[in-house]
Structure formats: structure tokens, C-alpha cells
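These notes concern the structure reproduced below.
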Amino acid sequence: MFKNWIRSPSVPPHRPPQLHRAQLRRLRRQSMASPLLLLRTLSSFSPLRVLLLLSAVLILSFLLFFPKPLLRPPDGAATPRPPAPTPTSPRHLLFGIASSSRSWPRRKPYLRIWWCPGLMQGAAFLDSPSAPASGDDDDSRLPPARVSADASNLPYAYKGGLRSAVRVARIVKELVDSVVGNGSSPVARSDDIRWVVLGDDDTLFIPENLAGTLARYDWEQWYYVGAGSESVEQNAKHSFSMAFGGGGFAISYPLAKALARVLDSCLVRYAHLYGSDDRVFSCLAELGVGLTHEPGFHQFDLRGDIFGILSAHPLSPLISLHHIDRVEPIFPGMTHVAALDHLFKAAIRRECCDVSQTSSETVMEINIRKCKDDELIAMHRTKLHFLESVALNKEKIQSNYTRHAFGNCQQNTSPAKDLKQIRVFSQPLRRQSGLAIRRECCDVSQTSSETVMEINIRKCKDDELIAMHR
């Protein structure tokens, strides 16, 4: 009775093993027939069509099962790199020029010498609006003039000093705040800025040399670049580790942005200091950044003739000159502005050739003899050959120097007594980042004239010495 209940007609018997074997047999017959069906189908196609179809099948199979060997670049192949960043140029510099309504009109000629509208970015910051320009005064060749923000709420406690130091110290903050995207009155675009450069209205910058020097540093890091004073007294009074503002200094843009955020609160703590550069230096020290020294910046806390210091210029590009209306013109018989304009028309580079003792960017010097004590004091100076003109011809620079005699040495019997012109031939000086700088050598060429000397500047040989003949 139990068996009858299990085999009741209402519940059909379960036979999965038998059904499974039947399905396998059916699939096996179909798989054996598939190649025959495929061959029968292909036989109806032309040979060319069959070849193309089989090739497509093989290629797809290779891509599906072996993708890496095809997609992987061959061993030793160079991995594509992002394009190299463009070298730092004057268009990457944002200038902040400290001025006043009183000094602005008389300092405009200096700014016109080096400022290049359309290429450079920045502004001159005044304490109040200046008088409108006269009809013959071309302000289109000047940086735009702006009135500084009110800084009367910040303290100044240096006895006998100028309160304008606080206003001038804030120029870096006003510059950063006025960049496109940061302020309502933009002076520059942030994607073009790598360095903020600060100076006075009587600071003469050589923009190409400045940009070339700063190109040696990674502008995305925090850098504070400048130089101290030539006066030991001034360095001792302020700091031997501070960049003097008159000679100018540069702050990398990321550091300038960090400084701008904390500057006002920092200025409160340094009310006892004298100048604006003291304050910027102290606030950067609080951020943990020290000075990177570049000897091409010149404060020139000097008076009189600066020929000696130019002749002894270090092996570094000339970047800036300051206090240029407090020293004698660097070329005789010219005004300060005319002399500096003459310098800028020349190739600003270090041409070194010791014909007898020394040379400089502007002057070639030749010692004749030592004058007697009763001769003119001016004769204790040597005969000088000053830069007259510069020409570039087929990748070669020709600098021409003409003689300027101080006094009259009647007893001059030197073979060089008739020398009136020196021609210096050199190659364009191209500084490359990361390469050490070495002074160049020269050869004195024979000429048919006793009044002309030719000198060829060239690279020194590995074991060549520069002899100092006396």
C-alpha cells in the first residue's frame, strides 16, 4: 500500500538522468554537423571572400585572447612625455614699482628705458594721484600708475623714518590681490605669472638678464632672490641676509601668495623697523624662507664714480642698477638718462679680456704708465676706452670702444699711445640652466693700423689660465 502511494498516477515519475543523456547526444550530433554546415556555406562563396572572412576571424580571435603583446609598446620605446615648460621670460614677471606723486614725474625717463609695454606686467604704486602728463610726455611707455590702498591703520614706530615704508611693503599684497581672479582691478593674469619683482622708481632693471637669472630656479618653490648693499655700513645697520629693495628683489609667485595672506598681521609686529624691505624680509623669515643671493642686483649705496665697481663686476649678469641719479653718469659727456639709454642699446653681457688689467661692461681699460706726483690728479687714472656701439652680424657681436683721455700726459711713449679704438668680437652669450659659469678668454689680433686693436672673445681651454701681466 505504501508503494502504491509512492507510485500514484497523480505524481509523474522523475527521470532527470535519462533526459540529460538525451540532450548530450543531441548536442553532440549538432556539433558534428556544424563544421560540415560551415564548409557547405563557405563553398558557396568566392575564394577571395572566404579569405577575407577567415582573416577577419583570425584577427578578432587574436585581439580577444592575446591583447597585451599588440597594445604594449615595444621594449625600449620612449614613453611620451608632457611638453617641456617654456623658459622664464620677462612676460612671466609681475613688477611692483614703489613711487610717489612727488618722485613719479622726474623718474619717468628712467622707467621708459627698460619698461616694455605689452610684454611686461605690473604697476607703479603712488601715495596720491600724480599731475597729468604734459603733451610731450608719453605715458604709454610706462607701467600703469595706481594709488596704494590706505595703510594708516598699521603702526610705524621708527623714529625719524618714513611712514611710507608700510605702504611700500604692502605692494606685494596689492599685486597678488589684483591678479585676475583675485581682485576687481586686475593688472595681470595668474597663468602667466611666475615671479613678483619689487623695486623703486629709480631702479633700472635689465629684464632679459633678470628673467634669465630667475630661470635657474624652480618658480613653483618658495624663493626670495636678491642681494645686499655694497656698503658694509648699510648691511650692518639692517641685515647682511636681507635683499635691499632699491636694488630690487624677486619672490616666486607661490611664496608671494602665501606672504600676501599673512602680511598685514605680520606688519603689526615689525612697526619698529625702518624700511619696507626690512619688513618684507622679516615676514618672509617668519614663513621660514631665507635669501637666495644673486650678485647681479645692485643697491648702489655709493656716491661719485662707480667705474671701479663695474670693472670688478662678479661673474654674473647685470640685473639692476639703483640710485642712478646720485652717481656720475657711466659714460662721460652724457646725462644720466642718455648714458643709461646708451647702455641699453648695447648688448648687456660680460665681455672680459684683460689686455693689461681689467675691463667692464661699458669700458675697456689700458694702462699706459704711472704719472708723476706733480701731474694732474686725473692722470692717475688710466686711459679708458668707453663703449661706443654694438652690432650683431651673422651670429657674431662686434663691440666698438673709443678712447677717452683724462688730462694730458705729455711724456707718453707707450706703444699704445696712438690707440684710439678697440674692436671686440664675441659670440652671443647664452646661459643654460644647470651649467656652471666660467669666465671667457681672448686673443689679441694683429691689425694694419696702430690706432685700432681687435680682440676676439672665446671659450677658455680646459687648462688655460688668464695671465695678469704687470
Q: For P329, state whether it is outside the structural domain of Y401 (by the TED database), free of Cβ contacts under 8 Å to residues at least 40 places away in the same chain and either on the phi > 0 side of the Ramachandran plot or open to solvent by 10 Å² or more (accessible area, probe 1.4 Å) (or both).
A: yes
Q. Of all residues in region 422-454, how many are part of a loop (DSSP other than H, G, I, E, B) and modelled with pLDDT of 85 or more?
A. 1
Q) Can you tell me which residues in region 208-234 are at pLDDT below 90 and in a loop (DSSP other than H, G, I, E, B)? A) E230, S231
**Q.** Positions within region 92-135 being open to solvent by less than 20 Å² (accessible area, probe 1.4 Å) and either over 20 Å from N209 (Cβ atoms) or at pLDDT below 90 (or both), in sequence order
**A.** A98, S99, S103, W104, K108, A123, A124, F125, L126
Q: Could you please find all residues in region 286-312 being free of Cβ contacts under 8 Å to residues at least 40 places away in the same chain, in a loop (DSSP other than H, G, I, E, B) and open to solvent by less than 50 Å² (accessible area, probe 1.4 Å)?
A: I306
Q. When residues of region 191-207 are filtered for being crowded, with 19+ Cβ neighbours inside 10 Å, in a helix (DSSP H, G or I) and of a type in the set (D, E, K, R), how many remain?
A. 0
Q: Considering only residues that are in a loop (DSSP other than H, G, I, E, B), of a type outside the set (A, V, I, L, M, F, W, C) and touching a helix residue (DSSP H, G or I) at 6+ places or on another chain (Cβ under 7 Å), look in region 235-271 and name the one that is surrounded by the most Cβ atoms within 10 Å (Cβ to Cβ).
A: G245
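The values are calculated or read from the model by the stated rules, or taken from the named source; none is laboratory data. Keep in mind that what you see is a predicted model, and the values were worked out from it rather than measured. In this analysis, Cβ positions are derived from the backbone assuming ideal geometry, glycine residues included, and neighbour counts consider all displayed protein chains. These area figures cover heavy atoms from the full protein model, side chains too; ligands, DNA and RNA do not enter into them. Shrake-Rupley method; radii C 1.70, N 1.55, O 1.52, S 1.80 Å.
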